[in-house]
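Visitor: Have a look at the structure that comes next, please.
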Amino acid sequence: MTDILKTIIACKRQEIAAKASLGLYDNIAQSAAACPHTVISMSKALAASTTGIIAEFKRRSPSKGDIHPSADVSLIIPAYENCGATACSILTDTRFFGGSLSDLVLARSLTRMPLLRKDFIVDERQIFEARIFGADAILLIAAALSFDEICRFTTTAHSLGLEVLLELHDESELDRFVPTVDMVGVNNRNLSTFATDTAISARMAAALPDNIVKVAESGLTDMKEVSKLRNAGYRGFLIGETFMKHDNPGQALKSFIDER
């Protein structure tokens, strides 16, 4: 685990402890189980889509700093849907990415696209939160979790009707692949240098089962890269900065798709 990931995870555990001390997790499992929102399958949406783009909403990142600090969910999420996104990824980490669970709630009220809660999940109570606040899928980062934790968290998510996107970075993490996850993401960003290389996704495709929905993450800047990875077996393409660095991310998405 890299220093930045260790720092983020340590902060996340502190946040969870603080919430627990305030009673914010009291009865959360029961509330999640009773949540009326009907979950939308992200894996099925990606498998059926001709573009498979998971458009990401984020204001900043540790590697890039501010990307779009004034980004407004109420403007960007409907634009993403209207301009051809298959699903959306909502950053809910506040300290490092400028997001919040409020962003997820608002996004849920504005779209029928599947929504991924993108955060650093290290505790089952975050999965209950995801269900309550409107997510359809959660992200589990292999670099931050053990095989047993991934198994347990996947079981919890499925018990709530949520899907799981398991994120890998390279072949060294294949020992944490859990066959019951719904999607596997390959992040092209090196966690030590923050450099991106889409060749990682291309290389990893052959190491993953044919029947799993594969998602390429980070470093995708044009449809040629997307087409190449689609030919390699990917059906989802998580793209954030490429769109969010523009004043109008929805229009940036439309222009990206129109390159085909």
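The values are calculated or read from the model by the stated rules, or taken from the named source; none is laboratory data. Treat the numbers as computed from the prediction; the structure is a model and nothing was measured. Cβ coordinates were reconstructed from backbone atoms using ideal geometry, including for glycine residues, and neighbour counts include every protein chain displayed. Protein only, heavy atoms only, side chains kept; ligands, DNA and RNA dropped before computing areas. Shrake-Rupley method; radii C 1.70, N 1.55, O 1.52, S 1.80 Å.
Visitor: Tally up the residues in segment 70-90 that are part of a helix (DSSP H, G or I), open to solvent by less than 30 Å² (accessible area, probe 1.4 Å) and under 19 Å from T50 (Cβ atoms), please.
Guide: Qualifying residue count, segment 70-90: 1.
Visitor: For residues that are open to solvent by less than 10 Å² (accessible area, probe 1.4 Å) and in a helix (DSSP H, G or I), scanning just segment 145-165, find the one that is farthest from R108 (Cα to Cα).
Guide: I150
Visitor: For the subset of segment 123-144 comprising residues that are in a loop (DSSP other than H, G, I, E, B) and open to solvent by 10 Å² or more (accessible area, probe 1.4 Å), which member is nearest to L91 (Cα to Cα)?
Guide: F133
Visitor: Which of the residues that make up segment 42-62 are crowded, with 17+ Cβ neighbours inside 10 Å and among the small types (G, A, S)?
Guide: Scanning segment 42-62 gives S43, A45, S49, G52, A55, S61.
Visitor: Over 30 Å from A29 (Cα atoms), open to solvent by less than 20 Å² (accessible area, probe 1.4 Å) and among the acidic types (D, E) - does that describe any residue in segment 202-213?
Guide: no
Visitor: For the list (1) more than 21 Å from I138 (Cα to Cα); (2) open to solvent by 20 Å² or more (accessible area, probe 1.4 Å); (3) of a type outside the set (G, A, S); (4) in a helix (DSSP H, G or I), I need the number of the one condition that D175 fails.
Guide: (1)
Visitor: Any residue that is more than 28 Å from E81 (Cα to Cα) and open to solvent by less than 10 Å² (accessible area, probe 1.4 Å) - is there at least one of those in segment 221-243?
Guide: No.
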